[in-house]
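First comes the structure, then the notes that go with it.
Readers should treat all values here as calculations from the given coordinates under stated rules, not as data from a laboratory. Bear in mind the structure is a predicted one, so any value in this text is a computation, not a measurement. No Cβ is skipped: glycine too gets one built from the backbone with ideal geometry, and neighbour counts run over all protein chains shown.
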Amino acid sequence: MARVLSETVNLDIDHLHEAARVELGKWLADQQPYLSFIKKGKSGTDVSGYFRDALGCTEYTDAKHNTNQAKVAVEAYCAYKEWVGDDKKEVKRRFVELCATQLQAGQPVNLTTLSAMIDHQDPEAFSQFVRDNQYSVGEVFNPHKTTFMTWKRITKTFGSVKVSFDVQDVTDGKIDYDPDLQCLVIKSPPQTLINEILENKSTNNDGVA
């Protein structure tokens, strides 16, 4: 009796470094993020490239959504650890620093790396906190500048007025809010700014257009 040989394909799961997970419910409902990556092991090498290329998903996560969810998770983790004041500010500073560094390098933020920066004493605690509480943060995500910069710089526009200053300026007391007058207080402004305000104030008072 002749034997028939057939070709077989085996999947070596032990050497599978990363997998892609598609949540069909979110995909059908057009909700973000519906595609995420799951890493295996503690290797610091970003091996998600071949998965992204194979799936044809260059924009595989919503940068704004992931960055915002990461911020929410950091806030919650600080509350969980009872970090307040300078401790909380330092954690936020590290978050912004990592996002800014990765954005400038054209690289995504790795949740494992972020976790180690958030909690030096327990490097894996934050990433586990994110998973346990089901925050929609991918294992890797592109940082969204406008979203993460709100922890570094305050920028607001109301009417024809636009103000922009670092959060550190508020911490240092350079910028304050007077609840009685309902106005912003800028301490030690440059003389040139004072002169321009006084000049235009005088012009308006004189009725000159």
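Which whole-number percent of Cα pairs in segment 160-205 have a distance greater than 17 Å? Everything past 17 Å amounts to 49 percent. Each Lys or Arg adds one and each Asp or Glu takes one away; over the other residues whose Cβ falls under 13 Å from the Cβ of HIS120, this sums to -3. Computed from the C-beta positions of ALA125 and VAL72, the FRET efficiency with R₀ = 22 Å rounds to 0.85. Of LYS26/LYS152; LYS92/LYS201; LYS26/LYS156; LYS26/LYS89; LYS81/LYS187; LYS71/LYS174, which sit over 29 Å apart, Cα to Cα? Cα-Cα > 29 Å for LYS26/LYS152; LYS92/LYS201; LYS26/LYS156; LYS26/LYS89; LYS81/LYS187; rest within. A full extension of the chain between THR157 and ALA100 corresponds to an added length of 18.2 nm, given 0.36 nm per residue minus the alpha carbon distance. Among 179-190, 129-140, sorting by the average number of other beta carbon atoms lying within 10 angstrom of each residue, highest first, gives 129-140, 179-190. Between the alpha-carbon centres of segment 167-189 and segment 85-124 there is a gap of 28 Å. In segment 160-205, a dipole from Cβ-located charges (positive for Lys and Arg, negative for Asp and Glu) runs towards its positive end, and of THR171, CYS183, SER160 it is SER160 whose Cα lies farthest in that direction.
Ordering TRP27, TRP83 by the number of other Cβ atoms within 10 Å of each residue's own Cβ, fewest first, gives TRP27, TRP83.
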